[in-house]
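The values are calculated or read from the model by the stated rules, or taken from the named source; none is laboratory data. Only a predicted model underlies this, so the values are computations on that prediction, with no experimental measurement involved. Cβ atoms come from the backbone with ideal geometry, glycine included; neighbour counts cover every protein chain shown. For the accessible areas, the whole protein counts, side chains as well, though only heavy atoms, and no ligand, DNA or RNA atoms are used. Shrake-Rupley method; radii C 1.70, N 1.55, O 1.52, S 1.80 Å.
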Amino acid sequence: MSNFKILFPVFIMLSCTFLAQTTGSRTVGVTLPIVTLMDIEPTGNIIFNFSAPTEAGNPVIAPASNTSKWLNYTSAVAAAGLPRRITASINQIIPGIDIKIQAAAASGSGGGVLGTPSAQLTLNTTAQTIISGIRGAYTGNGADNGHRLTLTLSANTYANLSARTNTPVVITYTITE
């Protein structure tokens, strides 16, 4: 029995040595590209029609605001890169008419550092910031994701109004640093 008392602790120590854990390391390469994507959903044009008043002396009736479009984007900025912004401009000004835009706060299924909308702007041929402060973010895709856009038309100077039919105005949206 005395041999057993001596050998048992030796076996325990040897088995602990054989079963001890070891560690290792491996290098994992990670690549995340710079991403700058933006679109307007759903596709298609918006048609605005002013209406004639039904009583002499009243102004023309502006069309209802349109809230059918959503601005979606995906952004991954460079290390220490500048935040992104989205601008909007139009290709032509219609005399006597204001075209205004307002981007709402982001909603839907996105995440990250989403942009901050500016106040309502009257569009012109010079690009103006409608959303700023975008960093690593995504808004979700399609309608009901991202920033809802509200477009509003109004008469600004009656002396400049002239009748016209289906005059196309193109709004250009640009995402940039």
Report summary line: Going residue by residue through the range 70-87, the Karplus relation 6.51 cos²θ - 1.76 cosθ + 1.60 with θ = phi - 60° gives ³J(HN,Hα) values, rounded to whole Hz and with x marking Gly or Pro, of 10, 9, 10, 8, 10, 9, 9, 8, 5, 4, 6, x, 6, x, 9, 9, 10, 10
**Report entry** Note, ³J(HN,Hα) from phi for the range 121-130, Karplus 6.51, -1.76, 1.60, rounded to Hz, x at Gly and Pro
**Finding:** 10, 8, 6, 9, 7, 9, 4, 10, 6, 9
**Report entry** Euclidean distance between Cα centres, the range 57-99 to the range 111-133, Å
**Finding:** 8
Report task. Note the listed values (i) -0.83, -1.21, -1.29; (ii) -0.85, -1.35, -1.44; (iii) -0.74, -1.42, -1.57, then indicate which one is log10 I(q)/I(0) by the Debye sum over Cα atoms at q = 0.14, 0.19, 0.20 Å⁻¹ calculated from this particular structure. Result -> (i)
Report summary line: Helix 2-19: inclination vs the chain longest Cα principal axis, degrees, rounded to 10, gives 30
Query raised in the report: Separation between the ARG26 and THR176 pseudo-spin-labels, each 7 Å from Cα along Cα→Cβ, expressed in nm?
Result: 4.5
Requested in this report: Putting +1 on Lys and Arg Cβ atoms and -1 on Asp and Glu Cβ atoms, find which of THR116, GLY140, THR31 reaches farthest to the positive end of the dipole of the chain.
Outcome: THR31
Report task. Considering only protein heavy atoms, with the full assembly of protein chains and a 1.4 angstrom probe, order SER89, SER65 by accessible area, largest first. Result -> SER65, SER89
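If you place +1 on the Cβ of every Lys and Arg and -1 on the Cβ of every Asp and Glu, how big does the dipole about the Cα centre of the chain come out, in debye to the nearest 20?
Dipole about the Cα centre, nearest 20: 600 debye.
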Query raised in the report: Peptides 25-36, 144-155, 45-56: what's the order by average Cβ count within 10 Å, highest mean first?
Result: 144-155, 45-56, 25-36
